Amino acid sequence: MNLRTRFLLLISALIVVGSVSAWAVFHHLARQIVMQWGQRVADIQVRYDRARLLQPLEREIALARQMADSLVLKRWARSPVDPALEAEAVREMENFRRNFSSGNYFVALRTSGAYYHNNAGDEFAGRQLRYHLDPAKPADAWFYKLVQVGPDFHLNVNPDAELGVTKLWIDVLIRDGDEILGVVGTGIELTRFLDEIVDLHQDGVSTLFADLSGAIQLHRDAKLIDFASLVKPEGQKSLADQLLDRESDRVALRETMSALAASGDGVPRVLDRFVESGGRRTLLGIAFVPEIGWYEITLLDLDVLMPVAALTPVAVAFVLTLLVALVLVHLVLRRLILDPLGRLEQAMLRVRDGDLSPAPLAQASGEIGRLTQHFEAMAGAIRAHTAELEAKVRERTDALHRLARIDPLTNLTNRRGMSEMLEAEIIRAERQGSRFGLLWLDVDHFKEINDRRGHGAGDEALTRLARVLEGCLRPYDRAARWGGDEFLVLLSPCDAATLEAIAHRVRADIEHGSAACGERVTVTIGACLAEPGETLGVVLQHADDALYRAKDAGRNQVVIAAR
């Protein structure tokens with residue numbers, strides 16, 4: 001065998017060994033990059049899906065809680081046979097129906113078992129009492145289970161056999177102290193909710209939501225949803241871990257769910273390994289949503305989202321470059337191939353470790369240059385996609401925060417937002433030893449406006465009142481719609497003279513402003529000057545007492561709580 005042949009055999013062996021080694025290294029690094037990218041995408045996707053779920057639910061939940069706190073419904077629930085209280089309660093229910101985005105409500109009373117319901121089409125106007133719950137009926141077991149367990153708030157996907165509908169139900173208990181008077185809430189159309197919120201219509205991404213027991217509550221495949229989970233025995237539930245093929249993956253999922261629920265911080269977590277679902281390699285991201293007590297689970301099929309085979313052209317370019325390098329002298333090899341490859345590998349490792357903005361690579365020519373361009377294009381695409389998802393999450397989070405604290409009718413702060421401001425003001429007043437004022441406004445004979453001109457006119461009157469109220473306050477005072485036809489005004493800083501002056505000015509401006517619009521509207525105001533160290537309950541009680549004294553004195557006047 002001559003030297004030429006031996007040299008060719010040696011070169012051939014080096015080519016084979018070098019090619020196989022290069023492919024193995026490249027394939028390993030590519031998989032590592034895909035894994036790191038997938039974990040980041042899974043984390044962002046989980047946050048995005050959670051925001052998508054909470055956006056339509058938070059407002060409905062807040063309204064349901066407000067409905068459960070209605071004094072009208074509580075008075076009626078204690079005396080359900082009183083026709084006058086029932087009529088007033090039905091009007092209150094209908095007011096809430098028009099505010100629910102789904103346009104429906106239900107009210108179930110504990111003492112009588114009466115179940116009231118009306119839908120978006122006002123189909124049951126005048127006959128809102130649909131039926132009576134029976135503890136012996138399995139279909140009514142959800143109500144008695146809720147009363148027994150006693151959660152203030154509950155989400156449940158359940159078919160109502162009596163009404164012939166299947167919805168995502170928002171259930172809130174009516175409480176009077178420690179006594180449970182009944183359950184109120186609303187239902188969101190399940191098919192529309194699944195299509196708009198759960199089914200992303202994106203290949204390779206599957207999102208589902210499960211309750212604390214792991215039972216599937218929302219899934220784009222409705223056959224996997226565990227209906228009536230609250231009353232179903234544990235062994236009969238459709239659980240999220242049943243979607244995984246391996247028992248070790250199921251155990252890891254259950255342990256992660258328990259840890260997230262125990263922490264309650266809502267921070268997403270991505271499993272640090274691939275799981276198998278339906279025979280496919282999948283990344284699993286999960287987050288606990290403490291606002292509703294559910295888990296959000298996202299499954300990412302990386303073979304669909306970012307297949308390693310898509311990087312084959314880059315791998316071919318890499319191998320070809322190596323083949324050329326084997327026939328070059330050592331200096332050319334080092335200058336044109338080894339050094340650029342070393343820098344590229346470092347950049348790939350930084351991307352794998354989570355650095356999506358590595359330093360720009362030095363310019364190179366030939367196959368190495370194209371490989372560098374491919375890598376930078378891939379890193380840029382990953383960076384752009386990550387930034388887009390993060391921006392969407394921030395946008396949705398800001399929108400949800402605003403919706404939860406603004407009254408949609410008057411555009412004033414709502415009860416929740418005002419409660420937060422009052423708590424902060426009480427802390428500040430105690431720390432600084434200062435006082436602040438509180439006005440409690442009640443529209444006089446508001447019910448007559450609704451009865452005489454309709455609820456649309458009532459809403460218009462409340463909106464005009466809100467604008468007048470904003471116009472007659474100081475720039476640093478805050479007004480809020482407390483509920484129905486009641487408003488609160490926070491005056492800070494404030495003293496006794498300022499409190500009295502602003503209270504009388506507000507009353508007069510509202511009366512004169514409404515008269516100029518053709519519909520005279522007056523308000524009765526109860527005012528108090530809060531002292532440092534007083535709790536929110538005490539301050540509200542003083543203002544409420546003053547309000548009722550003003551009403552007893554004939555309305556359209558101001559009474560300041562004596563201190």
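Taking the stated definitions as given, is Val205 under 14 Å from Asn156 (Cα atoms), among the β-branched types (Val, Ile, Thr) and surrounded by 14 or more Cβ atoms within 10 Å (Cβ to Cβ)? Walk me through it before giving the result.
Working: under 14 Å from Asn156 (Cα atoms): no; among the β-branched types (Val, Ile, Thr): yes; surrounded by 14 or more Cβ atoms within 10 Å (Cβ to Cβ): yes.
Criteria not met by Val205.
Considering each of Ala240, Ala262 in turn, give the residue that is surrounded by 12 or more Cβ atoms within 10 Å (Cβ to Cβ) and within 21 Å of Arg50 (Cβ to Cβ).
Being surrounded by 12 or more Cβ atoms within 10 Å (Cβ to Cβ) and within 21 Å of Arg50 (Cβ to Cβ) holds for just one of Ala240, Ala262, which is Ala240.
Return only the number of the condition from (1) in a helix (DSSP H, G or I); (2) surrounded by fewer than 18 Cβ atoms within 10 Å (Cβ to Cβ); (3) in contact (Cβ under 8 Å) with a residue 40 or more places away in the chain that Thr111 does not satisfy.
The single condition Thr111 does not satisfy is (1).
If Lys232 passes every condition in (1) under 18 Å from Pro138 (Cβ atoms); (2) among the basic types (Lys, Arg); (3) modelled with pLDDT of 85 or more but one, which one does it miss?
Failed condition: (3).
Can you work out which of the residues in segment 436-450 that are of a type in the set (A, V, I, L, M, F, W, C) and outside any strand (DSSP E or B) is modelled with the highest pLDDT? Don't jump to the end; show me each part of the working.
Of segment 436-450, the ones of a type in the set (A, V, I, L, M, F, W, C) are 436, 438-441, 443, 446, 449.
If we keep only those that are outside any strand (DSSP E or B) too, we end up with 446, 449.
On the way: Phe446: 86, Ile449: 82.
Of everything passing the filter in segment 436-450, Phe446 is modelled with the highest pLDDT.
Looking only at strands (runs of 3 or more DSSP E) that lie completely in segment 459-563, which have at least 1 residues being within 22 Å of Arg405 (Cβ to Cβ) and in contact (Cβ under 8 Å) with a residue 12 or more places away in the chain?
Values: elements: 478-483, 486-491, 523-530, 558-560.
By residue number, 478-483, 486-491, 523-530.
Quick grid of which residues meet (1) touching a His at 6+ places or on another chain (Cβ under 8 Å); (2) crowded, with 17+ Cβ neighbours inside 10 Å; (3) assigned to a strand (DSSP E or B); (4) on the phi > 0 side of the Ramachandran plot:
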residue	(1), (2), (3), (4)
Ala136	no, no, no, no
Asp140	no, yes, no, no
Val147	no, no, no, no
Leu168	no, yes, yes, no
Leu181	no, yes, yes, no
Val184	no, yes, yes, no
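Mind checking which residues of segment 426-466 are within 31 Å of the chain's Cα centre (by Cα) and basic (Lys, Arg)?
Arg428
Name the pairs: first residue in segment 261-289 and in the same structural domain as Leu212 (by TED's automatic domain parsing), second residue surrounded by fewer than 18 Cβ atoms within 10 Å (Cβ to Cβ) and among the aliphatic types (A, V, I, L, M), Cβ to Cβ under 6 Å, at least 6 apart or on different chains?
Final answer for the pair search is Leu284/Leu271; Phe288/Ala261.
For segment 131-161, enumerate the residues that are modelled with pLDDT under 90 and among the aromatic types (Phe, Trp, Tyr).
Correct list: Trp142, Phe153.
Ala77 - would you say it is outside any helix (DSSP H, G or I), hydrophobic (A, V, I, L, M, F, W, C) and in contact (Cβ under 8 Å) with a residue 12 or more places away in the chain?
When the stated conditions are applied, Ala77 does not pass them.
Inside segment 194-227, can you point out the residues that are in a loop (DSSP other than H, G, I, E, B) and touching a Phe, Trp or Tyr at 6+ places or on another chain (Cβ under 7 Å)?
Asp211
The values are calculated or read from the model by the stated rules, or taken from the named source; none is laboratory data. Every value quoted in this text rests on a predicted model; they were computed, and no experiment measured them. Note that each Cβ is placed from the backbone with ideal geometry, even for glycine, and that neighbours are counted across all protein chains shown.
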